[in-house]
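Trainee: Mind looking over this structure? Questions follow.
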Amino acid sequence: MGIDGNNILAESLKRQGIEYVFGIVGIPVIETSLAFQSVGIKYVGMRNEQAAAYAAQAIGYLTGKPGVCLAVSGPGLLHCIGGMANAQVNCWPLLVIAGSCPEDHEGIGGFQEWLQVESSRLYCKYAVRPPSPKLIPLHVERAVRSACAGRPGVAYLDMPATLLTAEVDEDKVPLDFYNAGPLTLAHPDPSLVDRAAEVLSKAERPLVIVGKGAAYGRAEEPIRKLVENTKMPFLPTPMGKGVVPDESPYCVSTARTQALLKADVVLLLGARLNWMLHFGQVPRFAPDVKIIQVDISPEEFHNSVKSEVAVHSDIKPFVDALAQKLANKKFSLQPSGGWWQALKEKQKKNTEFVEAQANDKSLPLNYYAVFKTVQAHIPKDSLIVSEGANTMDIGRGMLLNNLPRHRLDAGTFGTMGVGPGFAVAAAMWCRDHAPNKRVVCVEGDSAFGFSGMEIETMFRYKLPVIIVIVNNNGIYSGFDKEMMEDLQGSGDVAQCTPPTALSSEVRYEKMMELFGFSGHLCRTTQEIEAALKEAVKVTDRPSIINILINPQANRKPQTFNWLTESKL
Ligand code: ADP
Ligand code: MG
């Protein structure tokens, strides 16, 4: 019996455990998507390839198995590149598969002809075009393994139209060619565990930093135990939130600056000392801080600052072993000791500031009042997707995660436009693995605009995503109607419209009317509360809650006005 490239690809992906494909079809991959569905792979058609790439990588992070992004040739693949870079920078597994122009049209201006393998290589751990149908299973296996092994990342498979339709004898195709199965965890060198335990047990002001590598590594159980037994303060990175609950008494997010600044030993679990952690350097860290760095990727060691102990290991076995060692040493911090007292004092002060802002319900609302209300009325186990500038920054502190891998945001690359794609994937995951769980997608108005049309995808697949748009008429901050009119009236529209501005009071919630439903427009905390209560009841379609806030609302009261502010 004959089998073509499309079906070989589908069978191979199935055998490698791929469950989800997100994509947009067209020539030459329509049959490909049908072949995927025929072997029982779920196919989710998106509205923009970039969003499809974001969705596929979110599935990779949530499940530990790469999601596939399927695209057409040329522009289709090129639209995925931003998503590929985002996955690679976030260290998330992703497999991109694109059709490409028939091989016999190459070099003579074929339809959507482009150097796709070369274009992808910069964003990938593995990028190839299988040279024949029979070699598709081999390259699928390698692509999946490359995406997951060691530090996760991106793989790309290029599928010319001629390869997809080429028929070969099924008996000659090694479909069961190889399946590496789950990789065993890399264990630490025992002498390094001893060394780490020794350095920690001598610390006066230890701090555990929990990164998204720990979340990806499913290390929540040993890390929770370690923190509880040793009573060490911990700080999650944005997507490290929830590995240990935000509501744990050992979480010092509300004294982050102080904790980083004063720690004498940092146990760094699955996080890089990049911009997000201020490079581990002065002035944000103590000059003589000792770093115990644990990472699956040894190339990461000693970047920016030299680590005192560098452990090449999966987080989970390392933390298991370390916890045991520290228990033997009976190492545990005193809650009444100086380190905890200093942190608690700072926590109290910072919490008071936030509370005061959050209780200020004067209109138009400020961010803190909005987030306090949102936090109070969403299910506590919700998966939170978040992006935007102030929306993401302020929301990070106020929207709590008590479960691992329950936050998806702009990440290491600071990418805007990821939200709706991430939310589609998260909602698909919930439907299949945790049907009562909700996805709350908290978007700045600018961030939402990048991929807002994915609302149609959410409707089509009946995904009950609660989209909350924190609408300040702009990027960072915006202007009210009158001010905007004054500004635009003062000369040429393209010279006078502030680049940070968006139209005032855009009625994003009316996008619901495209589908025959109505959305929620909110200006007060009571309206937000009522809208959330209704949205939580809806289980078969998305909801949009558009919250108009003070366009000039910001972090603390402004020292500089927008024209002279140079911090951006
Ligand atoms: P964050 O944004 O939370 O700071 P990063 O993405 O900077 O996190 O860092 C994650 C780190 O975790 C990467 O250096 C990656 O190599 C590492 N990592 C990923 N998975 C594992 C794992 N299972 N065990 C150990 N380290 C891991
Ligand atoms: Mg905005």
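Trainee: Would you check if there is a residue in the range 106-114 being free of Cβ contacts under 8 Å to residues at least 60 places away in the same chain and either closer than 30 Å to ASP314 by Cα or among the aromatic types (Phe, Trp, Tyr) (or both)?
Mentor: yes
Trainee: Moving on to the next point. Give the number of residues within the range 143-161 that are part of a helix (DSSP H, G or I) and in contact with a strand residue (DSSP E or B) (Cβ under 7 Å, 6 or more places away or on another chain).
Mentor: Looking only at that region, the number is 5.
Trainee: For the range 201-239, name all the residues that are among the polar types (S, T, N, Q), in a helix (DSSP H, G or I) and buried (at least 19 other Cβ atoms within 10 Å of the Cβ).
Mentor: Of everything in the range 201-239, just one residue is among the polar types (S, T, N, Q), in a helix (DSSP H, G or I) and buried (at least 19 other Cβ atoms within 10 Å of the Cβ), namely THR230.
Trainee: Quick check on VAL439: is it aliphatic (A, V, I, L, M), away from ligand 1 (no atom under 16 Å from the Cβ) and under 14 Å from the mean Cα position of the chain (by Cα)?
Mentor: Spelling it out, VAL439 is indeed aliphatic (A, V, I, L, M), away from ligand 1 (no atom under 16 Å from the Cβ) and under 14 Å from the mean Cα position of the chain (by Cα).
Trainee: Oh, and also: For the range 1-73, which helices (runs of 4 or more DSSP H) that fit wholly inside it have 2 or more residues that are touching a residue at least 40 places away in the same chain (Cβ under 8 Å) and open to solvent by 10 Å² or more (accessible area, probe 1.4 Å)?
Mentor: 5-15, 49-63
Trainee: Test CYS148 against the stated conditions and say whether it is touching a Pro at 6+ places or on another chain (Cβ under 7 Å) and over 20 Å from GLY213 (Cβ atoms).
Mentor: In short, no.
Trainee: Do we find that ALA98 is in a helix (DSSP H, G or I) and either open to solvent by less than 10 Å² (accessible area, probe 1.4 Å) or within 16 Å of ligand 2 (Cβ to nearest atom) (or both) in this structure?
Mentor: no
Trainee: Also: Name the pairs: first residue in the range 456-483 and free of Cβ contacts under 8 Å to residues at least 40 places away in the same chain, second residue part of a loop (DSSP other than H, G, I, E, B) and away from ligand 1 (no atom under 16 Å from the Cβ), Cβ to Cβ under 6 Å, at least 6 apart or on different chains?
Mentor: Note: pairs meeting the criteria are LYS481/SER504.
Trainee: On to the next question. Is there a residue in the range 128-142 that is free of Cβ contacts under 8 Å to residues at least 40 places away in the same chain, touching a strand residue (DSSP E or B) at 6+ places or on another chain (Cβ under 6 Å) and in a loop (DSSP other than H, G, I, E, B)?
Mentor: yes
Trainee: In the range 361-389, how many are open to solvent by 10 Å² or more (accessible area, probe 1.4 Å) and within 16 Å of ligand 2 (Cβ to nearest atom)?
Mentor: Counting residues in the range 361-389 that are open to solvent by 10 Å² or more (accessible area, probe 1.4 Å) and within 16 Å of ligand 2 (Cβ to nearest atom) gives 4.
Trainee: With a cut-off of at least 3 residues that are buried (at least 21 other Cβ atoms within 10 Å of the Cβ) and small (Gly, Ala, Ser), name the helices (runs of 4 or more DSSP H) lying wholly within the range 395-475.
Mentor: In the range 395-475, the matching helices (runs of 4 or more DSSP H) lie at 419-433, 445-451.
Trainee: I've got another one for you. Somewhere in the range 448-458, is a residue modelled with pLDDT of 95 or more and either within 16 Å of ligand 1 (Cβ to nearest atom) or under 23 Å from LYS372 (Cβ atoms) (or both)?
Mentor: Yes.
Trainee: Looking at TYR250, TYR216, can you tell me which residue is closer than 23 Å to ALA286 by Cβ, touching a Pro at 6+ places or on another chain (Cβ under 8 Å) and not charged (D, E, K, R)?
Mentor: It is TYR250.
Trainee: Same structure, new question: On the given criteria, is ALA197 assigned to a strand (DSSP E or B), touching a helix residue (DSSP H, G or I) at 6+ places or on another chain (Cβ under 6 Å) and either within 16 Å of ligand 2 (Cβ to nearest atom) or hydrophobic (A, V, I, L, M, F, W, C) (or both)?
Mentor: Criteria not met by ALA197.
Trainee: Against the conditions (1) open to solvent by less than 30 Å² (accessible area, probe 1.4 Å); (2) at pLDDT 95 or above; (3) part of a loop (DSSP other than H, G, I, E, B), where does GLN112 fall short? Just the number, please.
Mentor: Every condition holds for GLN112 apart from (1).
Trainee: Give the number of residues within the range 459-477 that are within 15 Å of ligand 2 (Cβ to nearest atom) and either closer than 18 Å to ALA52 by Cα or at pLDDT 95 or above (or both).
Mentor: Final tally of qualifying residues: 9.
Trainee: For the range 480-512, what are the residues that are in a loop (DSSP other than H, G, I, E, B) and on the phi < 0 side of the Ramachandran plot?
Mentor: Residues satisfying the conditions are ASP480, SER490, ASP492, THR497, PRO498, PRO499, THR500, LEU502, SER503, SER504, VAL506, ARG507.
Trainee: Follow-up. Given (1) within 23 Å of the chain's Cα centre (by Cα); (2) open to solvent by 50 Å² or more (accessible area, probe 1.4 Å); (3) farther than 24 Å from VAL117 by Cα, identify the lone condition not met by GLU198.
Mentor: Among (1) within 23 Å of the chain's Cα centre (by Cα); (2) open to solvent by 50 Å² or more (accessible area, probe 1.4 Å); (3) farther than 24 Å from VAL117 by Cα, the lone unmet condition for GLU198 is (1).
The values are calculated or read from the model by the stated rules, or taken from the named source; none is laboratory data. Fair warning: this is a prediction, and the values are worked out from it, not measured in the lab. Positions of Cβ are backbone-derived with ideal geometry, glycine not excepted, and every protein chain shown enters the neighbour counts. What goes into the accessible areas is simple: the full protein's heavy atoms, side chains included, and nothing from ligands, DNA or RNA. Shrake-Rupley method; radii C 1.70, N 1.55, O 1.52, S 1.80 Å.
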